[in-house]
Amino acid sequence: MKIKVDEKLAEAAVLGGAFFGGGGGGDLKLGLKHAKLAIELGEVVIVDVDSVPKDKYIATASMVGAPAAKEKYLLPPHAIKSTELFMDVTKVPLGGLISSENGGYSTINGWIQSAVLEIPIVDAPANGRAHPVAVMGSMGLHRIPDYVSIQTAVGGNKERGRYVEVIAKGSLERAAKMIREAAVQAGGLVAVTRNPVTPEYVKENAAVGAISQAIEVGRIIQENMSDVDQMVEKIIGYLGGGKVIDRGEVEQVTLETRGGFDIGRIIVKGSKGTKYEITFWNEFMTLEDSDGRRYSTFPDLIVMINLQTGLPLTSAEVKRGDEVLLLVIPKEHIILGSGVKDPEVLKLVEQAVGKKIV
């Protein structure tokens, strides 16, 4: 497979990516803007993992930080510099880039670097949905004894003294914490390139085909945005499972940016007066009603759709008074990578939101 990305396909990828963001995955508007910029800068080519030569390596491109942070400052040159720095440090031949996850921005992680540095995008993101911590998008590398992670991060406003370039080497957990701290120092967000692996490792541990899945969902959104009910019905049909929980109005949003994450909860008053609580750690983690009934738990996909625009919302942009539809897609109907299937990793969610996950 080899697909040259045009503007319509780029839009579909971003729209579908936003759906799989599940409350995170970055800003959709910026995703659209930078996807368009990428195809203006050069060719963005998506290939399947089998197209990558076996003597080449694949690296993960991502953004790390808190989307709601007030001083975040991340530009396309930061992403390019991150990958150039990574290549200088690792000295490995790169045959492809993968995104860390799907999301309104995350789906196009690596696209600008791909266009400028002429490295293809591989249809095998580390995870098929968005997630809050790097270990969830590291394809199970944390389970390899003595594995040494290599990560480079760039971001921040030079005029405000926030600019950083960071090279981190160490255990996956320690390197990820250093990169998260770099995001804090940069004002909230950094562009990251990390962890070169073989095509075979990607094939066995990544979310193979998840970019294609996002594009197909994006096409459904493109064609049905004016009719949310029809759009959701078709998406559920395509994915083979899912359920509309309710529609209602956002009554309350509590958000705190802490340690480089957006953490909080959202209260939605449903159509018949039932109240729903959504906790989030960047992404939506749990959905319960006021009686304590649990409808969905990460890594299931909890989606909040703005009924006025027909577009998925992120936790960073939800506001009081929004009219929304709540939808859940069980994890069995999402293409997931190895990193988000580990019960020990999922326990991190319990610590962040104070809810039972595993």
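The values are calculated or read from the model by the stated rules, or taken from the named source; none is laboratory data. Here the structure is a predicted model, which means the values were calculated and not measured. Cβ coordinates were reconstructed from backbone atoms using ideal geometry, including for glycine residues, and neighbour counts include every protein chain displayed. Surface areas here come from the heavy atoms of the whole protein model, side chains and all, with no ligands, DNA or RNA. Shrake-Rupley method; radii C 1.70, N 1.55, O 1.52, S 1.80 Å.
Criterion applied to 280, 284 was being crowded, with 16+ Cβ neighbours inside 10 Å and under 23 Å from residue 216 (Cβ atoms), and the one residue passing it is 284. Within the option set 39, 98, 3, being of a type in the set (Val, Ile, Thr) and within 15 Å of residue 191 (Cα to Cα) holds for one residue only, 98. Of the residues making up the range 312-354, those that are closer than 29 Å to residue 237 by Cβ, of a type in the set (A, V, I, L, M, F, W, C) and out of contact with any strand residue (DSSP E or B) (no Cβ under 7 Å at 6 or more places or on another chain) are 335, 336, 340, 346.
Within the span defined as the range 264-273, every residue fails to be open to solvent by 10 Å² or more (accessible area, probe 1.4 Å), of a type in the set (A, V, I, L, M, F, W, C) and in contact with a Pro (Cβ under 8 Å, 6 or more places away or on another chain). Between 16, 22, the distinction of being modelled with pLDDT of 95 or more, more than 24 Å from residue 78 (Cα to Cα) and in contact with a His (Cβ under 9 Å, 6 or more places away or on another chain) belongs to 22 only. Looking across the range 134-170, the residues that are surrounded by fewer than 22 Cβ atoms within 10 Å (Cβ to Cβ), touching a helix residue (DSSP H, G or I) at 6+ places or on another chain (Cβ under 8 Å) and assigned to a loop (DSSP other than H, G, I, E, B) come down to 140, 147, 162.
In a residue-by-residue description of the range 177-184, the property of being farther than 22 Å from residue 111 by Cβ, of a type outside the set (A, V, I, L, M, F, W, C), touching a residue at least 12 places away in the same chain (Cβ under 8 Å) and surrounded by fewer than 23 Cβ atoms within 10 Å (Cβ to Cβ) applies to at least one position. Checking each residue in the range 185-196 for being open to solvent by less than 10 Å² (accessible area, probe 1.4 Å) and among the hydrophobic types (A, V, I, L, M, F, W, C) picks out 186, 190, 191, 192.
Residue-by-condition table, conditions (1) surrounded by 21 or more Cβ atoms within 10 Å (Cβ to Cβ); (2) aliphatic (A, V, I, L, M):
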| position | (1), (2) |
| --- | --- |
| 18 | yes, yes |
| 22 | yes, no |
| 29 | no, no |
| 34 | yes, no |
| 38 | yes, yes |
| 41 | no, yes |
| 50 | no, no |
| 55 | no, no |
| 61 | yes, yes |
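Hey, can you tell me all the residues within the range 209-257 that are closer than 29 Å to residue 72 by Cβ, under 21 Å from the mean Cα position of the chain (by Cα), in contact (Cβ under 8 Å) with a residue 24 or more places away in the chain and surrounded by fewer than 18 Cβ atoms within 10 Å (Cβ to Cβ)? Passing the criteria: 222, 255. Going by the structure shown, is residue 268 of a type in the set (Val, Ile, Thr) and without any contact (Cβ under 8 Å) to a residue 60 or more places away in the chain? Criteria met by residue 268. I'd like to know if the range 127-149 contains one or more residues that are within 19 Å of residue 46 (Cβ to Cβ), modelled with pLDDT under 95 and of a type outside the set (A, V, I, L, M, F, W, C). Yes. If only residues of the range 184-227 that are among the polar types (S, T, N, Q) and in a strand (DSSP E or B) are counted, the one that is nearest to residue 22 (Cα to Cα) is 193. Mind checking whether some residue in the range 72-81 is open to solvent by 20 Å² or more (accessible area, probe 1.4 Å), over 22 Å from residue 339 (Cα atoms) and touching a His at 6+ places or on another chain (Cβ under 9 Å)? Yes - at least one qualifying residue is present in the range 72-81. Contact map, the range 70-81: residues that are in contact (Cβ under 8 Å) with a residue 24 or more places away in the chain and farther than 16 Å from residue 166 by Cα paired with residues that are in a loop (DSSP other than H, G, I, E, B) and polar (S, T, N, Q), Cβ distance under 8 Å, separation 6+ or inter-chain. Pairs shown: 71/157. Being part of a loop (DSSP other than H, G, I, E, B), of a type in the set (S, T, N, Q) and surrounded by 17 or more Cβ atoms within 10 Å (Cβ to Cβ) is true of residue 127. When residue 326 is tested against the conditions (1) open to solvent by less than 50 Å² (accessible area, probe 1.4 Å); (2) touching a Pro at 6+ places or on another chain (Cβ under 6 Å), the lone failure is (2).
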